[in-house]
Amino acid sequence: MTQRLLDRIAIITGGASGVGKAACRLFAEHGAQVVVADLHLERAQAVAEDCGGDAVLLDVSKEDQWRNLIEHCLERHGRLDILVNSAGIGRAGDFENLSADDWNTMIAVNMTGVFFGCKHGVSAMRKSSTKGSIINISSLAGLVGGEDIAGYSATKGAVTMLTKSVALHAAKYGIRCNSVHPTYVDSEMLDDVAQRFPSRQAMLDGMASLVPLGRVAKPIDIAEAILFLASDESSLITGSPLIIDGGQLAGLPSRHNG
């Protein structure tokens, strides 16, 4: 295997599970030194052991913890080359019954957490004159609305626009910033949703029926796209949304044959 991230230093938030965990493992396979940042430190440490990296406790909504994370990274590794803002949460349900607590929690994690990551990530890359790459995990719901995920869609839409603004700001330093927009991903993030179905498989089958390619994403599908944006192969791509949706946004399903 060609090691596309050989000797790069990467921070991956939400690295203890799902897409973040898959990205940690894939980055390590491609030669990166990975800092696994997560609210669940023990699980992050297990992933870090697996990857030969290190783990740091991080609540992405707390700026002081971001400062500690960046300080740890620079002291231990000397620089930051790649930042993946993967940590995120979702709440589904009727819009009129969406609680203020759920709304504010999604804003704190999905919006403010990514803001802090970009802010401190750019600063860290500038300190070491790194031509770095920041990858923000948005969602298909960051490009189109969702009737029963209005709050989630709003926060992921904010990530889409923040990414473009950060890309424009950071371009003069040679730092890139892009967003990734997955369809449904079969990960721990769907655990709460699965409880509303007769079985997890019934949920996945229903979601897959909405995807032209006929299946939901696996965490590794998204991790491979993140790897591309982190690597030199995407060196002229910045401010762009990378859509991984199995064709969902390509157009309307056929309803014209009677």
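The values are calculated or read from the model by the stated rules, or taken from the named source; none is laboratory data. Since we're looking at a predicted model, the values are computed, not measured. Cβ placement follows ideal geometry from the backbone for every residue including glycine, while neighbour counts extend to all protein chains displayed. To get the accessible areas, we keep the full protein, side chains included, count just its heavy atoms, and leave off ligands, DNA and RNA. Shrake-Rupley method; radii C 1.70, N 1.55, O 1.52, S 1.80 Å.
So for the range 237-255 (the condition being charged (D, E, K, R), in contact (Cβ under 8 Å) with a residue 60 or more places away in the chain, in contact with a helix residue (DSSP H, G or I) (Cβ under 6 Å, 6 or more places away or on another chain) and surrounded by 15 or more Cβ atoms within 10 Å (Cβ to Cβ)), does at least one residue qualify? Looking through the range 237-255, at least one residue is charged (D, E, K, R), in contact (Cβ under 8 Å) with a residue 60 or more places away in the chain, in contact with a helix residue (DSSP H, G or I) (Cβ under 6 Å, 6 or more places away or on another chain) and surrounded by 15 or more Cβ atoms within 10 Å (Cβ to Cβ). Considering only the range 10-28, state which residues are among the charged types (D, E, K, R) and within 12 Å of the chain's Cα centre (by Cα). Result: LYS21, single match. Kindly evaluate VAL144 against the criterion of being farther than 15 Å from ILE11 by Cβ and touching a strand residue (DSSP E or B) at 6+ places or on another chain (Cβ under 9 Å). No: the conditions fail for VAL144.
Contact map, the range 169-191: first residue touching a residue at least 60 places away in the same chain (Cβ under 8 Å) and within 16 Å of ASN110 (Cα to Cα), second residue open to solvent by 10 Å² or more (accessible area, probe 1.4 Å) and assigned to a strand (DSSP E or B), Cβ cut-off under 6 Å, separation 6 or more or different chains; pairs are SER179/PRO241; VAL180/ILE137; VAL180/LEU242; HIS181/PRO241; HIS181/ILE243; PRO182/ILE244. If you check ALA167 against the conditions, is it on the phi < 0 side of the Ramachandran plot and open to solvent by 10 Å² or more (accessible area, probe 1.4 Å)? The answer is no for ALA167.
With respect to the conditions (1) in a loop (DSSP other than H, G, I, E, B); (2) more than 19 Å from the chain's Cα centre (by Cα), ASP101 lacks only one, and its number is (1). Put simply, of HIS120, HIS72 the only residue that is under 27 Å from GLU224 (Cβ atoms) and part of a helix (DSSP H, G or I) is HIS120.
Consider SER209 carefully, then state whether it is within 20 Å of the chain's Cα centre (by Cα), of a type in the set (Gly, Ala, Ser) and either more than 20 Å from ALA22 (Cα to Cα) or at pLDDT below 85 (or both).
Criteria not met by SER209.
Selection of the range 77-98 for residues being out of contact with any strand residue (DSSP E or B) (no Cβ under 7 Å at 6 or more places or on another chain) and assigned to a helix (DSSP H, G or I) yields PHE95, GLU96, ASN97.
Please specify each residue of the range 123-164 satisfying the condition of being among the β-branched types (Val, Ile, Thr) and either within 25 Å of LEU249 (Cβ to Cβ) or in a helix (DSSP H, G or I) (or both).
ILE134, ILE135, ILE137, VAL144, ILE149, THR155, VAL159, THR160, THR163 - these are the residues of the range 123-164 that are among the β-branched types (Val, Ile, Thr) and either within 25 Å of LEU249 (Cβ to Cβ) or in a helix (DSSP H, G or I) (or both).
Being closer than 14 Å to ALA55 by Cβ and either over 17 Å from the mean Cα position of the chain (by Cα) or outside any strand (DSSP E or B) (or both) is the filter here; which residues of the range 29-38 pass it? Scanning the range 29-38 gives a single hit, GLN33. Under the condition of being farther than 21 Å from THR130 by Cβ, open to solvent by 20 Å² or more (accessible area, probe 1.4 Å) and among the charged types (D, E, K, R), the residues counted in the range 38-76 number 8.
Residues in the range 105-151 that are β-branched (Val, Ile, Thr) and within 19 Å of the chain's Cα centre (by Cα): THR105, ILE107, VAL109, THR112, VAL114, VAL122, ILE134, ILE135, ILE137, VAL144, ILE149.
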